[in-house]
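The structure appears below as structure tokens.
The values are calculated or read from the model by the stated rules, or taken from the named source; none is laboratory data. Predicted model only: the values in this text are computed from it and were never measured. Using ideal geometry, Cβ is built from the backbone for each residue, glycine included, and neighbour counts are taken over all protein chains shown. Quick note on the areas: whole protein, heavy atoms, side chains included, nothing else; ligands and nucleic acids left out. Shrake-Rupley method; radii C 1.70, N 1.55, O 1.52, S 1.80 Å.
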Amino acid sequence: MKLLRVEMKDKLKKITDLTINELLPQEIILPSNYFQCFDKHAKMIDIDLKDEKFEKDINEVLINEFAQIDKYVKDASVTIQEVELITQDAQEAIKNKDESALKVLYKQINTLKSELNSMTENIYKDHLTKFYNKKWLYHKMLNEQAKFKKTNIVMLINIQDYEYIVKTYNKFIADNLILYIITYMNDKLKDESLEFEIVRFLNDKFLIIFDDIDINLVKSLANSISNILYDTVLKSHSGVFLKPKFNYCLEKVNKNESFHELLDDLYKKIIV
């Protein structure tokens, strides 16, 4: 049953990504447009939204999602209560100059910090790559109007042949290719001591968001990484040979500029 939920969730995520990708250039998206587009892409991967089995499967997914949300809410409530208690105890220990009590409280604070980090990872991290997901992007980098909170350099990366590899071989091989490329890129950019964050935006597309630095430096590094990977050949455990290829484009975006307009520009520039 758990495997069924995972497979259905993966399919729904794929349909959602394809739908958003198609509708993104439109200035206005009506609910009817979204449903029609969603239905079209569902049919393309052999899912009938009116089928009883699909309804049963989707109910399983929704029940699981609500259970996870409920767990996050309960965990957050417990954490808030713990913070309140630790704060009260810390105030009392400071007032009484009780050093032994403060040492115990410091240990509790570190444990609490670890729990909060775990909760954050569950909410904001992509399950495959462990880099950030779209939730993080919208909550941390953008304001309520989906505009950038500060000036950045944004790079859109498209992993080439992802869908072809999924159809020809399997998703496991395709996902491992993605993991290899994006991990390699992360390591190389870190070697340059750059400040950046990586976001998995769609299955085969990533955004790398840099601080406001020289855009030509970023272009040079991306070209170098692309060339190195292009000359690399990977071999899967099943004997499949693959070249880790990606293409990219990037732009500078100023504070309060629209994320969706930027993304539309990047999509028009990149060759997919």
Item checked: From phi via Karplus (6.51, -1.76, 1.60), per-residue ³J(HN,Hα) for the range 200-212 in Hz, x at Gly/Pro -> 7, 8, 10, 3, 10, 10, 10, 10, 10, 10, 9, 5, 5
Checklist line | Residue-level accessible surface for THR16, protein heavy atoms, 1.4 Å, Å² | finding: 40 Å²
Notebook entry, point to check: Which percent of the accessible area of the range 134-270 is formed by carbon and sulfur heavy atoms (probe 1.4 angstrom)?
Noted result: 47 percent
Next item on the list: Whenever you get a sec, line up GLU192, GLU251, GLU257 from highest to lowest accessible area (probe 1.4 Å, protein heavy atoms).
Entry: GLU192, GLU257, GLU251
Check: Taking R0 as 51 Å, what's the FRET efficiency between GLN108 and LYS235 from their Cβ-Cβ distance, rounded to 0.05?
Finding: 0.55
Notebook entry, point to check: Quick one: if you stick a label point 7 Å off each Cα along the C-beta vector at LYS255 and LYS149, how many nm between them?
Noted result: 1.2 nm
Next item on the list: Counting other Cβ atoms within 10 Å, keep those with at most 12, restrict to DSSP loop, and tell me which trypsin sites (Lys or Arg not before Pro) in the range 177-272 are left.
Entry: LYS255
Check: To the nearest 10 square angstrom, what accessible area does LEU229 show with a 1.4 Å probe?
Finding: 0 Å²
